[in-house]
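Written out below as structure tokens is the structure these notes cover.
We did not get these values from a lab; they are worked out from the coordinates using the rules stated. Note that the structure is a prediction, hence the values are computed from the model and not measured. Cβ sites come from the backbone with ideal geometry, for glycine too, and all protein chains shown count toward neighbours.
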Amino acid sequence: MTRVCTVAQNSKLTKEIDTRTRCLVFRLLWVTYASYYLVRTNISIALPVMAKEYHLPHTSIGLVLSIFFIVYAVGQIINGTLGNLIIPRKMIAVGLLVSAGLNALFPFSHGSIVLMALVWGLNGYFQSMGWGPTVRVLAHWFPSDVRGSAAGRLGTSYILGSAFSWILASLALTFLKWQLVFWVPALLAAGSATWWYQKASITQSCLEPANAKYICSPSSKDEGSLKHVGFFSLFNNTVRTPSVWFAGMALLGVNIVRYGFLCWAPSYLVEAGKTLSSRPIYSAIAFPLAGTLGAICAGWISDKIFNHKREPAILFMLMVLIVMCFLFGVYSDTSFRLSTILLLGTGFFTFGPHMLLVTALPADAGRNASSIAGFIDGIGYLGAIVAGIGTGCLVDRYGWKGGFLLWGGSAIFAVLATLLSLRFRANLNSIKNIFVLTLGNEARI
């Protein structure tokens, strides 16, 4: 009897330790990935001022943004697979630290499109080192029955990171000078990278060796298996299921909407005269802030209403997004209040499906989560490329209505891609099964 009680007490204690450590790991992931966005979306705030100071057309600005997304997309595919082979602690820290350094250099481009594209393109590559390993750690620590909700909460990191980046950059722009839009976030991001690297190491003392090594370094068995499989085998396993491609196509459409608003909403609101001149983009912050609630709700809906099925929740939110894009294009120029309300609605129904596509779906695949997350995100960022230079060209030629039509049509494209995913997919867990067969042992989640 005493032995039974002791075993039960030890089991309870282990469960409590695992819960506390899971919360610690989640906080580490959330803060660190939010910091990535401090040195990523801040450029949107500086662009209107830089365009005016250096006489840059919309097309040139769009080119700089698109170069970032091109490099980021390629980097996601490469680094997503590497995220299964390299220690997450090191990979995430290096990406964030170098990205901070490139932000510090960016103001010294002095309006040269070539230098701006070079520095911001390099930033795109090192930015791509963060997401795959982050999803890999999330997949390990959160079981499938709560993974959608956990993914939704983690999704708020890049949404609130974007919002905080805009607020911080706006304050620097309003009260100081535009160069500090890059320098201040760079300093904060460097500090966050150092904090992550130190804390991710400390977590080893809280866990059993196998679990601790998974966040900070692969266990010896995992490491040997992964090295045996190799980069190209992992990559081949990732692309063998059509649902991964369709998820990427859906994300492509969502990203045109997402980055259309993130990159161009500040400029549109300034040119449309819907914001105060001293605070040119504060109303645009409504877009990512509403997206925070959208991401959380999307995770809950997919877990509780659709029984852990992600595509039905994605479809529902995308249908509403089509309507919101149409309403924004027609009515956003009528008043400041209405444009803000429409941005809130559009943000909610953009970031919900985005989170499910880049977080919950890949995490459901288990140990190959980093490769799948990187591949889906890489394809999806082709949409961000279109949102950058495509929106710029359409606005220069047809005015802002051309940009709105692009964003609305992209939401329709995302719906069609999701429907194809439902039609042809054999469940993303098939990727996990392929990966397990390749390794010859059970994947740990």
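Please give the FRET efficiency for E271 paired with K177, using the beta carbon to beta carbon distance and R0 = 25 Å, rounded to the nearest 0.05.
Computed FRET efficiency for E271 and K177: 0.70.
Based only on other Cβ atoms within 10 Å, what is the fewest-to-most ordering of H308, H140, H110?
In increasing order of surrounding Cβ atoms, one gets H110, H308, H140.
Assuming 0.36 nm per residue, please report the length gained on full extension of the stretch L416 to I113 beyond their Cα-Cα distance.
Taking 0.36 nm per residue and subtracting the Cα distance, the gain is 105.4 nm.
At 7 Å along the Cα-to-beta-carbon direction for both V330 and T194, put a label point, then send me their distance in nm to one decimal.
Result for the modelled spin labels: 5.4 nm.
Return the Rg/Rh value of the stretch 44-92, two decimal places, where both radii are evaluated on C-alpha atoms and Rh is the Kirkwood radius.
Values: Rg = 16.1 Å, Rh = 13.0 Å.
Ratio of gyration radius to Kirkwood radius: 1.23.
What is the stretch 321-362 by shape, rounded, prolate or oblate, if you read a ≥ b ≥ c off the alpha carbon gyration tensor as root eigenvalues and call it rounded for a/c under 1.5, prolate for a/b larger than b/c, and oblate otherwise? Write down the numbers at each step before the final one.
Values: a/c = 5.36, a/b = 2.78, b/c = 1.93.
Prolate, since a/c reaches 1.5 and a/b exceeds b/c.
Can you tell me the length gained on complete extension of the stretch R337 to L187, counting 0.36 nm per residue apart and subtracting the Cα distance?
50.5 nm
So how do Y197, Y33, Y398, Y259 line up by other beta-carbon neighbours within 10 Å, fewest first?
Y398, Y197, Y33, Y259
Counting each pair of different Cα atoms once, what's the Kirkwood radius of the stretch 119-202 in Å, rounded to one decimal? Working shown, then result.
Details: mean 1/r = 0.0665 Å⁻¹.
This gives a value of 15.0 Å.
Using a 7 Å offset from the Cα along the Cα-to-Cβ direction at both T59 and V94, what is the distance between the two label points in nm, to one decimal?
Once both label points are built, they end up 3.9 nm from each other.
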